[in-house]
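Here's the structure, in structure tokens; my notes come after.
Where a number appears in this text, it was derived from the coordinates with a stated rule and is not lab data. Everything numeric in this text was worked out from a predicted model, so none of it was measured. When we count neighbours, we look across all protein chains shown, and the Cβ atoms used for this are built from the backbone with ideal geometry, even at glycine.
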Amino acid sequence: MPVTLGQIGSFRVGKTAGKLSPLELILANIPEESHCVICGRKIPYYKTYPSKDRFLLCRDCIGSSGWESVQKAHQEIFGD
Ligand SMILES: [Zn+2]
């Protein structure tokens, strides 16, 4: 199961359960909504999948191009 922006955001702010608040989204530097670059669907952050080639995709389009590990995704996307 690929990692979502929500999981990465929670990792960044140290949250273990529940959705991120608007302030936590800002602190985590995560967009609340994105558009899938393949199908154009509007996707909330907790259903947005970052791909290793640096696009934001929905569940239907991510395939095997996402990360399987939150820590690894966080490190490669944010580099900290
Ligand atoms: Zn899509």
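One table, with the values for the structure above:
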{"read-out": "Conditions (1) surrounded by 13 or more Cβ atoms within 10 Å (Cβ to Cβ); (2) within 10 Å of the ligand (Cβ to nearest atom); (3) assigned to a loop (DSSP other than H, G, I, E, B): number failed by PRO2", "value": "(2)"}
{"read-out": "Candidate set: segment 35-76, residues that are under 10 Å from the mean Cα position of the chain (by Cα) and in a helix (DSSP H, G or I); chosen: the one nearest to VAL3 (Cα to Cα)", "value": "VAL70"}
{"read-out": "Considering residues of segment 5-34 that are among the β-branched types (Val, Ile, Thr) and in a helix (DSSP H, G or I) only, the residue farthest from SER64 (Cα to Cα)", "value": "ILE26"}
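The rows are residues; the columns are (1) of a type in the set (Asp, Glu); (2) more than 16 Å from the ligand (Cβ to nearest atom); (3) touching a residue at least 12 places away in the same chain (Cβ under 8 Å).
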site: GLN7; (1), (2), (3): no, yes, yes
site: ARG41; (1), (2), (3): no, no, yes
site: THR48; (1), (2), (3): no, no, yes
site: LEU56; (1), (2), (3): no, no, yes
site: GLY63; (1), (2), (3): no, no, no
